[in-house]
Amino acid sequence: MATPNKSPEGAIEKLIAYIKKYGKNMSWTELSKKFAPNCGGDWSRDILRKKGFNTATNQFDVENRVEFTKHTDNIRRKEKESKQLTRKIIELESEVEFITDFKQHSPKSFIIHKPNATRNHEATAAIQWSDWHVDEVVKPSTISGFNEYNPTIAENRAKKLFENTIKLVNTQRAGVIIKKLIIHLGGDLVTGWIHPEGMQTNSMTPQEGLFFAYDLHVSGIDYILKYGDFDEIWLVISRGNHGRVTPKMQYGNDYSTNNENITYKMLANHYKTNPKIHFKIDDSELAYMEVYGKTLRFFHGWQIKFGGGIGGLTIPLYKSLHRWNANTPTFYNFMCDKHSYSNPTPDCVLNGSLIGFNAYALSHGFSNQPPMQSFTLIDSKRGITIKAPIFCE
C-alpha cells in the first residue's frame, strides 16, 4: 500500500534498528506513529515487508523479501499490461467508429467538366541526334553478348528513331500545340581513325562513314518534314571529337579541322530552299538559342572530363556550367558525348547513343544502356515539362 507522505529522513533505519533490538513489541499503528507519524498506520508494516521482515515470525527473512519483491514486480507488470491493453482497446474502438462512419458515408460528387479539346498555348519539342558512330562494328562476342552494331543495324535504329520521334511528339500534342522542332545534331557521326584500332575494325573509312551518316540524316529530316506537321525546324550543330583530322582536339580552329562540320554544312546546303528548315552552325564549340525568352545552350560534351569517381559526371559538369553561365546565363543545356541518356543536373539533359554498349564501355566499367536519343518538351508557360528517351530499337 502506498503511503500518503514521504518517510521522514532516517525513519526507516531507526524502525529497523528498533525491531532488531526489541522485536515487534507494539502494534503496527503504534510503530508507524512512533517513527513516521504522518505516513499512516500501515507504513511500518509495508516498509518492513520490503526489507524482508516476516510478519508471521516477526523475523527478517530473505525468502520473504524475495517473494514480496516478486509480488510487487508482478503487480507492476500487470498494471503495465493493463494500461497497454486499455490503450489498444481505445485505438480499436476508434478504428471501429471510423469504419462505421465510413460505411454510412455517402460520397459527395464534385463537378468535373469535360476535358477541353482546345489547346490554348504552345510548346517546342527538342530532340538530340548524336553519337551514331555509323562506321564502328560491335561484335557481341567482345562484350558478353550485350550488343551488336554494324551499318545495317545503324540504319534500322535510325529509322526507328525517326518513327518514335513523331510518335512521341504526337502524344504530347493532345494537350499543347507543337509546331516548332529543334534537332540538336550533336556530333560523333563516325568513330573515325583517331585511334589506330578504328583502322583495323571499322566497317568503312571515315569519309565513307560521313557520307552514310549524311544520307541517314537526309532521310530522317525528310521523314519529319513529311509526317511531323511542323511549321519550323531548327537544326543546331555541335561538332564531336571523333570527326577531327588532328591528333587532339583543337580550340581556336576546331570548326575547320573537323569533317563533321563539312557534313553539317552539306545538310544546310541541301535544305537551303526549304522555308521550314533553319540551320545554326557556329564556329564556337558552344551554341546558343532563344526559345520563349529563355536561353538554351548546346554542346557536344567532350569538354567535360571526369575520372570515374563516385560523383561521376555531375561535379565536373556543374563546374563547367557555372563557368559558362558567368558569361552567358542559360536556362537549360543539351549535351551529348557520354553515350548515356540521363539528367545529370537539373538544368541539363545528356543524350544517349545510337551505337549503344561497346568494348570501350565494357572496359571502362560503364553501364549497359539500350540505344536511345533524347526528347525534351519546352512549354511556353511552364518551361521544361517532359524529359524522355527516344528508343531506337
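Please specify each residue of region 68-120 satisfying the condition of being aliphatic (A, V, I, L, M) and either surrounded by 10 or more Cβ atoms within 10 Å (Cβ to Cβ) or assigned to a helix (DSSP H, G or I) (or both). Listed by number, the residues that qualify are I75, L85, I89, I90, L92, V96, I99. Any residue at all in region 334-350 that is farther than 25 Å from H242 by Cβ, β-branched (V, I, T) and either at pLDDT 95 or above or within 20 Å of the chain's Cα centre (by Cα) (or both)? No, that holds for no residue. Per the listing N351, N368, the residue uniquely surrounded by fewer than 21 Cβ atoms within 10 Å (Cβ to Cβ), assigned by TED's automatic domain parsing to the domain that holds N156 and polar (S, T, N, Q) is N368. Restricting the first member to region 375-390 and to residues that are at pLDDT 95 or above, and the second to residues that are among the acidic types (D, E) and not in a strand (DSSP E or B), the beta-carbon pairs closer than 9 Å and six or more apart or on different chains are I384/D347.
Which condition number does A326 fail, the rest of (1) modelled with pLDDT of 95 or more; (2) within 27 Å of L161 (Cβ to Cβ); (3) not charged (D, E, K, R) being met? Just one mismatch for A326, condition (2). Out of curiosity, is W302 assigned by TED's automatic domain parsing to the domain that holds F146 and either assigned to a loop (DSSP other than H, G, I, E, B) or of a type in the set (S, T, Y) (or both)? Here the answer is yes, as W302 does meet what is asked. Checked against the criterion of being in contact with an Asp or Glu (Cβ under 9 Å, 6 or more places away or on another chain) and closer than 17 Å to A125 by Cβ, region 386-393 contains one or more residues that satisfy it.
Counting residues in region 191-213 that are of a type in the set (D, E, K, R), over 29 Å from the mean Cα position of the chain (by Cα) and at pLDDT 95 or above gives one or more. Selection of region 125-168 for residues being in contact (Cβ under 8 Å) with a residue 60 or more places away in the chain, in a helix (DSSP H, G or I), farther than 19 Å from L210 by Cβ and within 26 Å of the chain's Cα centre (by Cα) yields N164, T165, L168.
The values are calculated or read from the model by the stated rules, or taken from the named source; none is laboratory data. From a predicted model like this one, the values you see are computed outputs, not experimental measurements. Ideal geometry is used to build each Cβ from the backbone, glycine not excepted, and the neighbour counts take in all protein chains shown.
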